[in-house]
Amino acid sequence: MAINNSETAAPEKLRARLFGEFGIETADGTPARLKSRRGSLILAIICLQPGLTIDRASLASLLWPDRFGAQAKASLRQCLHELSRHLEEQSFKGLKVTRADVALAPEAITCDLHELEACLLRGETDKAAKRLIDTGNRPLLQGTSLNTAFDDWLHARREHVDARLRAALSEALSNGDSAANERLLEAARSRFPAYRTFTQSLNQTSLAVLPFAQSSEFGTNFFLADGVYDELSSQLGRIGGIALAGRTSVASVTAKGGTLIEAAKDLRVSHLVEGEVRHKADQIEIRIALIEGATGTELWSQRINGSVEDFMESRKVIGANIIAAICDVLGLSNAPAPARRMTSNREAYTLYLQGRSLIQRSIHDGAAAKSVELLERSLEIDPEFAECWTALADAHIHNAVYTPCLDRIERSQKAAECGRRAVELDPAQGHALAIQGIHEWTRKNPAGALDLAFEAYAREPHSADVASRLGSFLLYIGRTRDALPFVEAAVEQDPANGRNHAMLSTAHFNLGNIEEAIAAGTCMVDLSLPGMWLAAVRASQGDYRTATEDYYASRTLMNSVILPPAGTQPMADDARDAYWKIAANGCCSGKAEDRAIYSQMLTGLHAAMPDPYDPSIAFPAIWMGHAELVMKLYREQIHPANMFGLMSLWADTDPIRTTREHPDFIDFAEEIGFVAAWDRYGWPDVMPVDPRTA
C-alpha cells in the first residue's frame, strides 16, 4: 500500500540529531516525539542514506531480519502508516512513501551531519570547527541496538561517515589559510584524536601473524591457509593497541626457518600468532594459537571446524570470536576491527591471494605480469571486491618501481584508478589512498599527495605500508623531523624491509644524526639492499675509502636486486665493474675531478637512455650535487621509480647541498609543486622560511 502525503503546502522543517542519541525537533526547536521506536529508526536510516531514500525491501530486512519476507513487509507497512500519522500530528508532511521506496523531501529536513559537511564544503572553517567541537566523539545513533543485521549495518555506516568527514576535512584544509586551518585541526582532533599528528601510539603490543601450515588429503588447496593468514593479519592490523609486523618482514623471516623465539626476535615482536589448516573429506579444521615470543609458550589456542562451504564465512567467525579472544589475552579492548569489504566468491578470493603473494616477488620470473593478471581475473569475477582493487593498485605501483619498463607513468595512473575504485567500494581502504598519492607526485602535486597520505593514515594508522608512504612523502619535501616518527613506525612494524631502513638512514643523515644513519644503512645492506645511501653518509664524514668500497660493492646486486634500466641489456662483468668504479669514485671519493667525470657520463646517459629519468641517473646526480641535471630531470618527469631519490636532497652537507643552493632551485621547486606543499605543510627543516621573502 502506498501512502501519498499532500504536497499542496510547504512541509514543516525538521532537524535531526544523528550524533549521540537520535532525536528530531521542529523548526522552532520543539522536540518532535515519536511513539514508535522503529519509526524513529526509519527516519534515522533515511537521514544516513545518500539522497535521503531507501528501498522498502532493505528496510524490512534490516528492521525485521528474523521474520519471513511477507511478515517483514507487513510489519514495515504498519510501521510506516503509524510514522506518517505521528509526523502529520507534528505538521510534518515531508515523508514520501511509494510501493518501492521511502524518502524524505530534502527541503523538509536537515541534520547535524549534513550541516557539518556543508560547512566544510563551503570552506566555512570556523563554523565547521564549532560544529566539530559540539559533536565531539559521540558516535552516530549512540545507544541504538536492535538486532545483529541492524548493528552490523550501523557499524559500517559509522565507519563510512567518519571516512566522509575526514575526506571533507582534508579538502577544507587544502583550501584554507594557515590560521583557520590550525583552528579546524584542533577541532577535528576532538573527534579524531590522532588526526594529522606526528606522535606514535604508546604502549602498543607488538605482534606478528606467521603464515599458516596446511595439509590436505586431496593435494594443495591454496586459498585455505593463506586465507586464514590474510584475514587475521588484516583484522589485527586494524586494532588500536596492536603494532603488527609487516607482511614483507614476516615472509623474509619465515623463509629463513628457525624457532618461534628466533622469529619473534628477528621481527621485534612480543607475541606471535601461528597455526595450521587441515583439509580432510568435507571437513576443514583450523587451529590458531597465540605465542609468547620471548619463551615460545602457547598462551591461548582455539580450533574451528566446518565444511569447505563454511570457509568463505569463516571471516565472520574470526572477527566475532578469534580476534576478541586474542585481544582479551593481550589485555586490549575487544572493540571490533572495521568491517572489510571482501568477496563471497571462492575463486575470486583464491585468485586475489595468489596475485597478492606475487607482488613482492614481481621483479623475478615474470611474476610482474602474472600478479596483475591474477588480480584482474579476480575482479572480473567480483568487480566489487574492494581489497582486490587495492592489491591491484599496489601491484601496478610495485611493477612501476622495481621492474624495467618505459610506461611507469601509465602504470602509476592505472594504480591510482584502481585505488579510487577501492575507496569508492570501501572508504576504510587507507592504503589505496596512499597509492593514489604516488600518482599525484607524477602530476607534480606533492601537496595533494600529502593530503591523501594523511587521510590514508587517519583511516589505517596501524598499517606499515601507509606509515611508510606518509613518511616518504614528508621526506621528499624536506620535512624530515615530521617524517621521522612515521619512518620509525614503518621500520618497527616491517623490520625486514630494506627500503624502510634506507628511508631511516636518509632521515637521520638529513638531521645530522650520523651514527644512527650509519646503523640504519648497515641494516639496509644486511637486508641485501644496495649500499649507496650508506656510502653517501660515510663520504660526508670524510671516510672516502670505506664509502667508495660500499658503493662499489653494490655492483654484485646487478641483475637481481638492481635490474638493468629499461631498454638496456645486462652488462658483461668487466664492463659492469668499470662502470661501477667510475660511479663509486664520482659519488664517494671526495675528488672534484671524479665527480666531473661521472657527472659528464650521467649527462650523456640522460640524453641517450630509453628512460632518461631512470634512478640510475637521478640518484647519483643528487648525491654529487649535479644541480643542473637534477633540476632538468625532475622538471621533465617524476615517476614512481625516481621520486625516492628526492629524500636525499635535504642533507646539509657538500656536495648534496649544491643543488639546494643553486640560484634556480626555488623556481624549480615551484615548478614541481614543492612550494605549494611547503606553504601547506611547512618549509623544509634546512629552509625554514621562503628565501625570497626572508
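The values are calculated or read from the model by the stated rules, or taken from the named source; none is laboratory data. None of these values were measured; they are calculated from a predicted model. Heads up, the Cβs are rebuilt from the backbone with ideal geometry, glycines too, and the neighbour counts pull from every protein chain shown. For accessibility, only protein heavy atoms count, side chains too; no ligands or nucleic acids. Shrake-Rupley method; radii C 1.70, N 1.55, O 1.52, S 1.80 Å.
For the chain, the longest principal axis of the C-alpha atoms and the axis of helix 430-442 are separated by about 50°. How large is the translational diffusion coefficient of segment 573-652 in µm² per second when you combine the Kirkwood radius over alpha carbon pairs with Stokes-Einstein at 25 °C and 0.890 mPa s? Here the translational diffusion coefficient equals 191 µm²/s. Annotation: peptides 352-359, 28-35, ranked by per-residue average of other Cβ atoms within 10 Å with the highest first, follow the order 352-359, 28-35. Counting only aspartates and glutamates at least 8 places from residue 13 when in the same chain, those with an alpha carbon closer than 16 Å to its own are 25, 28, 88, 89, 107, 112, 115.
Looking at this model, which pairs from 581/632; 35/130; 256/280; 35/93 are more than 22 angstrom apart at the alpha-carbon? Provide the component values of the computation, followed by the final result.
Numbers: 581/632 25 Å; 35/130 32 Å; 256/280 29 Å; 35/93 17 Å.
Flagged as over cut-off: 581/632; 35/130; 256/280.
Within the set of other residues whose C-beta is less than 13 Å from the C-beta of residue 265, count the net charge using Lys and Arg as +1 and Asp and Glu as -1. Please list the in-between numbers first.
Working: positive: 256, 268; negative: 262, 266, 292.
So the surrounding residues net to -1.
The calculated pair-distance distribution of segment 74-181 uses every alpha carbon pair, bins of 5 angstrom beginning at 0, and gives 2, 9, 15, 15, 17, 16, 12, 7, 4, 2, 0, 0 percent.
Between the C-alpha center of segment 454-486 and that of segment 504-545 there is a gap of 21 Å.
Tell me, what % of the accessible area of the chain is carbon and sulfur with a 1.4 angstrom probe?
Values: 14350 of 29170 Å².
Percent of accessible area from carbon and sulfur atoms in the chain: 49.
For the chain, the longest principal axis of the C-alpha atoms and the axis of helix 346-359 are separated by about 30°. For a straight C-alpha distance cut-off of 18 angstrom, the lysines reachable from residue 414 (same-chain residues fewer than eight places away being disregarded) are 370, 444. Across all directions, the average projected area of the convex hull around the alpha carbons of the chain is 33.8 nm². Of the peptides 440-447, 115-122, 569-576, 682-689, the order by per-residue mean of other Cβ atoms within 10 Å, starting with the highest, comes out as 440-447, 115-122, 682-689, 569-576.
Length available on full extension from residue 559 to residue 576: 0.36 nm per residue minus the Cα-Cα distance, which gives 5.0 nm.
Accessible surface for segment 445-594, divided over its residues, is 35 Å² per residue with a 1.4 Å probe.
Using only alpha carbon pairs under 8 Å that are at least six residues apart, calculate the relative contact order of segment 578-694 and give it in whole percent. Across segment 578-694, relative contact order equals 18 percent. Take every Cα pair under 8 Å whose residues are at least 6 apart in sequence, average their separation, divide by the length of segment 562-638, and the relative contact order is 28 percent. With K and R counted +1 and D and E -1, the other residues having a Cβ less than 11 Å from that of residue 444 yield a net charge of -2. The residues of segment 62-174 have, on average, 48 Å² of accessible surface per residue, using a 1.4 Å probe with all protein chains present. For segment 384-484, dividing the convex hull volume of the Cα atoms by the residue count gives 92 Å³ per residue. For the peptides 485-493, 89-97, residues were scored by their other Cβ atoms within 10 Å and the scores averaged per peptide; the highest-first order is 485-493, 89-97. Taking the centroid of alpha carbons for each part, segment 412-433 and segment 40-73 are 30 Å apart. Relative contact order of the chain, taken over Cα pairs closer than 8 Å and 6 or more residues apart, is 9 percent. Classification of segment 499-563 by its C-alpha gyration tensor yields an oblate form. The axis ratio a/c (a ≥ b ≥ c) is 1.5 or more, and b/c is at least a/b.
Plainly put, segment 93-140 has a radius of gyration that is 1.14 times its Kirkwood radius, both from alpha-carbon atoms, as the Rg/Rh ratio.
Once the Kirkwood radius over Cα pairs is known for segment 546-694, the Stokes-Einstein relation at 20 °C and 1.002 mPa s delivers a diffusion coefficient of 131 µm²/s. Against the main long axis of the alpha-carbon atoms of the chain, helix 112-122 sits at an angle near 40°. Each Lys or Arg adds one and each Asp or Glu takes one away; over the other residues whose Cβ falls under 14 Å from the Cβ of residue 472, this sums to -2.
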